[in-house]
Amino acid sequence: MKKILVTGALGQIGSELIAKLRGVYGTDNVIATDIKREKQYWVTQSGPHESLDVTNAQAMFDIAKKYEVDTIMHLAALLSATAEEKPLLAWNLNMGGLINALEVARELQCQFFTPSSIGAFGPTTPKDNTPQVTIQRPTTMYGVNKVSGELLCDYYYLKFGVDTRGVRFPGLISYVAPPGGGTTDYAVEIYYEAIQTGRYTSYISQGTYMDMMYMPDALDAIIKLMEADSGKLVHRNAYNVTKISAQPEDFAAAIKTHMPNFKLDYNIDPVRQAIADSWPNSIDPSAAKEEWGFAAAYDLPKLTADMLEKLQKKLRPNAI
Ligand code: VAH
C-alpha cells in the first residue's frame with residue numbers, strides 16, 4: 001500500500017488531489033503538507049497533515065521519515081504570474097523546494113511526482129500541436145524553473161535511480177480551490193463571475209489560445225502515470241497532457257449555451273498577456289497516450305456544464 005507525502009496540499013491541485021488520493025489509497029496513507037495553516041476540513045482534519053515549508057530540507061526529511069512514506073508528490077510552487085513578479089523568490093522556492101524533495105526521495109527511496117507545465121515552452125517552440133520533444137527556451141522565470149525541474153528529475157532518475165515522473169499540465173480548471181498567481185486563471189475566474197455577476201472582464205486578449213484541462217482529468221492523469229509500468233516510460237519528465245485548446249471567446253460561447261445573457265469584455269494585463277503569447281496554442285499529448293494510456297473525459301461543453309452546476313451550488317446554495 002502506498003504511503004504518500006504531498007506538498008502544496010492547500011493549492012489548486014493539492015486541495016483536490018488529497019481527497020482523490022485518500023479515496024484510492026486510504027486516508028491515513030496520504031500526508032497533506034503545506035506552509036499554510038488554515039483549517040480546510042477535507043485536507044487537514046480528514047487525515048494526517050503537517051505544516052511544511054519546502055525550503056526547509058530537514059523538516060521535509062523528518063516528516064517523510066516519521067510517516068515512512070514511499071511516494072512524494074511535490075506540488076508546492078509559485079505559478080507563472082507571481083514568479084514573473086518575484087523571480088528570485090520563485091527560483092528559491094520552486095528550485096530549492098524541488099531539490100529538497102528529490103533529495104528526500106533519493107535518501108528514502110521514494111517514487112516521485114512533480115508537475116511541469118506548458119510554461120516549459122517558449123516563443124521559439126512550435127506553437128501548434130507542440131511535440132513532446134522540441135525546443136524549450138522559455139522566456140519566463142516560471143518556464144526556466146519548469147525546464148530546469150524536468151532536467152533535474154531526469155538527472156535523479158539517471159544518476160540515482162529515483163523513479164521520477166511528471167506531466168506538463170495545461171491550465172487547470174476547477175471549482176474547489178481557486179488558482180492563484182497563474183496566467184490561465186482567467187479560465188477559472190470566468191465561471192465564478194458568470195455565476196456571481198453574469199459578466200467577465202478578461203485580462204487575456206481575444207484570440208489567445210492556450211491548452212486547458214478539467215481538474216478531474218488532471219487528477220486521474222497523476223494517478224494513472226504513477227501506477228504505470230516503469231519499463232514503458234520513455235519521456236518520464238515530463239509528458240504533454242491536455243484536452244482543450246481554447247481562447248476567451250470559446251469559454252464565453254460555452255457559458256452562453258447555459259446563460260444567453262453572459263457578457264465578456266477585455267482589459268488586457270500586459271504581463272500575463274506576454275506570458276500567454278510565449279506559450280503554445282496547443283500541445284500534442286500522444287506520447288502520454290501511447291506510454292501510459294492518458295485519456296481525458298471533459299471537453300469544453302462538458303466542463304462548462306459541470307463548472308456552472310457545481311459553482312451554482314457553491315456560490316448560490318439558496319438560489320431556486
Ligand atoms: C499558470 N496555471 O498559469 C499555471 C499553469 C499552464 C499554466 O502552469 O501559471
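The C-beta contact set for the stretch 167-186 (first residue closer than 18 Å to P270 by Cα, second residue open to solvent by less than 20 Å² (accessible area, probe 1.4 Å) and hydrophobic (A, V, I, L, M, F, W, C), distance under 7 angstrom, 6+ apart or interchain) comprises G181/A81; G182/A81; T183/A81; T183/I275; T183/A276; T184/M210; T184/M212; Y186/I204. When we screen A253, A218 for residues that are among the hydrophobic types (A, V, I, L, M, F, W, C), in the same structural domain as T304 (by TED's automatic domain parsing) and either out of contact with any Pro (no Cβ under 7 Å at 6 or more places or on another chain) or open to solvent by 20 Å² or more (accessible area, probe 1.4 Å) (or both), the only hit is A253. Here is the figure for the stretch 93-125: residues that are under 19 Å from the mean Cα position of the chain (by Cα) and away from the ligand (no atom under 16 Å from the Cβ) total 6.
Residue count for the stretch 269-294 satisfying the condition of being touching a residue at least 12 places away in the same chain (Cβ under 8 Å) and closer than 16 Å to K224 by Cα: 8. Scanning the stretch 188-207 for residues that are open to solvent by 10 Å² or more (accessible area, probe 1.4 Å) and in a loop (DSSP other than H, G, I, E, B), we see that the one that is nearest to the ligand (Cβ to nearest atom) is Y203.
Right, A274: part of a helix (DSSP H, G or I) and either farther than 25 Å from A177 by Cβ or modelled with pLDDT under 95 (or both) or not? Outline the logic, then answer.
On the way: part of a helix (DSSP H, G or I): yes; either farther than 25 Å from A177 by Cβ or modelled with pLDDT under 95 (or both): yes.
For A274, the condition - part of a helix (DSSP H, G or I) and either farther than 25 Å from A177 by Cβ or modelled with pLDDT under 95 (or both) - is met.
The values are calculated or read from the model by the stated rules, or taken from the named source; none is laboratory data. Here the structure is a predicted model, which is why all the values come from computation and not from measurement. FYI the Cβ positions are ideal-geometry reconstructions off the backbone, even for glycines, and counts take in every protein chain you see. Just the protein is used for accessible areas: all its heavy atoms, side chains included, with ligands, DNA and RNA removed. Shrake-Rupley method; radii C 1.70, N 1.55, O 1.52, S 1.80 Å.
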